[in-house]
Every structure is written in C-alpha cells, then in structure tokens.
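Only the coordinates and a few stated rules stand behind these numbers; no lab work does. If you're wondering where the values come from, they're calculated on a predicted model, not measured in any experiment. Cβ: placed from backbone, ideal geometry, glycine included. Neighbour counts: every protein chain shown.
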Ligand code: T3D
C-alpha cells in the first residue's frame, strides 16, 4: 500500500497491480490520490521485475474523475495548475513507460477517469461498466489527453458528440466503436482482465516497449518518418535476448521462455 492507502499497489507474477482506492467517492481523484498514482506508475516503470501494469478501481466504479469537492474548495488552486500537477504527469507516465499498461475498467469511468483509461495500452471493461465524458456537464473541457486519444480511437465525429453531450456509453458500445479492446462479463472480469496482464508480462517486454514507442511516434509522424522509426526500433528489438530466444524456440519447435530483455 502507498502512504495514504488511496492507491493499493502490489507486484505478483511480474504484474504491478495498481488499484484506485477511494470507493466511497467512486475513486474520484483528489490531489493525494493523483500523486500516489504517479508514484505507483513511476515505481512500475523503474522496476525491471515489473513486466506489465494492471490499473483498476476498488468497489463499483473505476474512477469518477476529479474529486469535485476538492476542486471547488475555496482557495483551491487554479484549474490549469491542477491539470498540470495531477493529470498531465499521469498520462505522460503511462505513455512513456516501456511496458504494457492494461486498464481494467471495473465500473463507471467518468471525466478524467475515462481519459486516464483511454491513455492505457489495452483497455478492457466489465460488461456493466460505462464511459462518460462528464466534463461538459460542469462546463469544463475534456482533459487528461481525452481530446488527443478519443478522436483517434473512435473518429472525430463520435468524439465530438460524446464530449459535447456527455452521453453515457456502455462497455459494449465502447468496444463496438473501437474505444476499448474487449468486454468481459461481470463475473469473469477480474480474473480474465488480470490474466491478460499476466500474459503480457510473460511476453518479450523490451519488444513490447519498443512497439509502444513506435505506436506513440505514429501519432505524429508521416509515413517516411515512421518507416525510418520502425527501422531504428527494429534494430534495438533485434539486439535483445528475447529475439534470439524467440527464433531458437521456433526452430526447436518448443514454446519460448522470454526474460523481457
Ligand atoms: O480541477 C479540475 O476540476 C480540473 C480537472 C477536471 C477533470 C475531471 O475529471 S472533471 C469531471 C469530474 N467528474 C464528474 O463530473 C463526474 C461526477 N460524478 C457523476 O456524474 C456521477 O457520480 C457518476 C455518473 C460518475 C456516477 O453516478 P452514480 O449515480 O452511480 O453515483 P453517485 O450517487 O452520483 O455517486 C456516489 C457517491 O460518489 C456520491 O457520494 P454520496 O452521496 O454517496 O456521499 C457522490 O457524491 C460521490 N462522487 C461521485 N463522483 C464524484 C463524487 N464525489 C466527488 N467527486 C466526484 N467526481
């Protein structure tokens, strides 16, 4: 557990499991929880024994976004300072971590909660979960990278509509429109989603990290620049131990044992 227990953190089978832990307020982000999440992500990135990250929420929600009690408290910081201090580093840490981050959306994901989820590499949800771009309901604009990721995931038109109406999207609809990867039924969700993270943790971590780098670059590059980037990253992947192991295992007709290096 982290100092205030607003995040629970444990590592098992090479998976760092991070659980947002303020269920009484649907795991909404106060400053302390946002900073604890940043610490947990930093630790996961720095620890070589961690080969995949699993992010979820305690109780019936994934995360209801900013704690509105704290945001509106008299004397609270200007909102841009909150965004820069709390949310922007979370998104950057997720995108720059050279290992897969699975977001297991166990229940409602609203506001910054939805957009933190969408910044993760693979997002899966329980069938009863929902996604809401709740910002417009309180006259804010979507932050936490939402205006970057959502149009790229579901298209400009749908993103505009979801952000301007604040309509709730079910897990199934989210999957159908390409916002998330998979939906698991509620009973199987915890086990299936964690199994996905464990599976990723047994794959060639370095190669997956480089794949993530290439995907990040593809968001900005033109085709020529991206082809160059693929060549450069492929060199790094091929220099890893797991490349040799993958090829040897194929030739020897046995399952590979990857170390992540
Ligand atoms: O500083 C800044 O503000 C900038 C950053 C902004 C980033 C953002 O995320 S802005 C968007 C903030 N989030 C929202 O606007 C969502 C607010 N919550 C809701 O709309 C609803 O709670 C939900 C649709 C998420 C879920 O509805 P429901 O009916 O399932 O639950 P509920 O009854 O509304 O909530 C249960 C409890 O959680 C309730 O407390 P109570 O009455 O049992 O004591 C509720 O007040 C509390 N809660 C839910 N969301 C928040 C919250 N408390 C504080 N902040 C919240 N965001």
**Message:** Under 20 °C and 1.002 mPa s, how fast does the chain diffuse according to Stokes-Einstein, given a Kirkwood radius computed over C-alpha pairs? Answer in µm²/s, whole number.
**Reply:** 112
**Prompt:** Once the piece of chain linking residue 141 and residue 127 is laid out straight, how much longer is it, given 0.36 nm per residue of separation minus the C-alpha distance between them?
**Reply:** 2.3 nm
**Value of relative contact order over region 87-182, rounded to a whole percent, pairs C-alpha under 8 Å and six or more apart** = 29
**Item:** Whole-angstrom gap from region 184-203 to region 103-173, using each part's C-alpha centre
**Value:** 21
**Message:** Please compute, for the alpha-carbon atoms of region 1-103, the extent along each of the three principal axes and give them in descending order in Å.
**Reply:** 44, 27, 22
**Prompt:** Based only on Cα atoms, what Rg/Rh ratio does region 111-164 have, Rh being taken as Kirkwood's radius?
**Reply:** 0.94
**Request:** Using a/c under 1.5 as the rounded threshold, could you call region 119-216 rounded, prolate or oblate? The axes a ≥ b ≥ c are square roots of the C-alpha gyration tensor eigenvalues, and prolate needs a/b larger than b/c, oblate otherwise.
**Result:** oblate
**Message:** Relative contact order of region 85-132, please, whole-number percent, based on alpha carbon pairs below 8 angstrom and at least 6 residues apart.
**Reply:** 42
**Prompt:** Could you work out the helix-only [θ] at 222 nm for the chain, with each DSSP H run of four or more residues adding -39,500 (n - 2.57) and the total divided by the number of residues, to the nearest 500 deg cm²/dmol?
**Reply:** -14000 deg cm²/dmol
**Fill in**
Gyration tensor on Cα atoms of region 57-123, a ≥ b ≥ c root eigenvalues, a/c under 1.5 rounded, else prolate if a/b beats b/c, else oblate, says oblate
**Item:** Whole-Å distance, taken between Cα centres, linking region 228-261 and region 1-58
**Value:** 30
**Item:** Relative contact order computed over region 28-136 (Cα-Cα under 8 Å; 6+ residues apart), in percent
**Value:** 32
**Fill in**
Taking r as the C-beta separation of residue 199 and residue 168 and R0 as 30 Å, the FRET efficiency to the nearest 0.05 is 0.50
**Asked** If you line up the long axis of helix 156-165 against the longest principal axis of the chain, both from Cα atoms, how many degrees apart are they, to the nearest 10?
**Response** 30
